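See below for the structure under consideration.
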Amino acid sequence: MASFNKVILMGNLTRDVDLRKTASGSPVASFGMAINEKFKSNGEVKESVVFVDITVWGSQGENCAKYLKKGSPVLVDGKLKLDTWEAEGQKRSKMTVTGLHVQFLGVGQGGSDSGSATGSVSRANPVSDEEIPF
């Protein structure tokens, strides 16, 4: 039997990025995302929100901390991970997402376009209708 673990989410950060280092010095960033969904129920438009915790490792995590803040829109391509721990004698668990690629969708700190978390931090300027040759 084969298995497949991939998730793609688009939403906004619910808090600023928390950047830490592991004991071996590897950077790891964590942030929360809100994914809003609008739907109709009995002719009335309603909205539901899903909150997801995201973890991003390495230079992508450092770029997230550098360019993202609470409210920033992002697209995260990653995989599901089950975190487990014990608190007050009880076993706890929570589904989280390990972000493998983070695409910045809005304007970063300092007012410049932020590109993606793979190291590119600029976008092409928009083209006006007058510049299109057809």
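The condition of being modelled with pLDDT under 95 and of a type in the set (Ser, Thr, Tyr) holds for only one of Thr22, Thr14, Thr55, that being Thr22. Among the residues of region 77-87, some residue qualifies, meaning at least one is among the basic types (Lys, Arg) and touching a residue at least 60 places away in the same chain (Cβ under 8 Å). Among all residues of region 72-82, there is none that is modelled with pLDDT under 95 and closer than 21 Å to Lys21 by Cβ. Quick check, is Val52 within 10 Å of the chain's Cα centre (by Cα) and free of Cβ contacts under 8 Å to residues at least 60 places away in the same chain? Taking the combined requirement at face value, the residue satisfies it. Scanning region 46-99 for residues that are of a type in the set (Asp, Glu) and either under 26 Å from Ser3 (Cβ atoms) or exposed (fewer than 10 other Cβ atoms within 10 Å of the Cβ) (or both) turns up Glu47, Asp53, Asp77, Asp83, Glu86, Glu88. Would you check which residues across region 28-65 are in a strand (DSSP E or B), of a type outside the set (Gly, Ala, Ser) and farther than 17 Å from Gly78 by Cβ and list them? Asn36, Glu37, Lys38, Phe39, Lys40, Glu44, Val45, Lys46, Glu47, Val49, listed by residue number. Apart from one condition, Phe31 fits all of (1) more than 13 Å from the chain's Cα centre (by Cα); (2) surrounded by 17 or more Cβ atoms within 10 Å (Cβ to Cβ); the exception is (1).
Being part of a loop (DSSP other than H, G, I, E, B) and free of Cβ contacts under 8 Å to residues at least 40 places away in the same chain: is that true of Gly25 here? In short, yes.
The values are calculated or read from the model by the stated rules, or taken from the named source; none is laboratory data. The shown structure was predicted, so the numbers you read here are calculated from the model rather than taken from an experiment. Backbone-built Cβ (ideal geometry, glycine too); neighbour counts: all protein chains shown.
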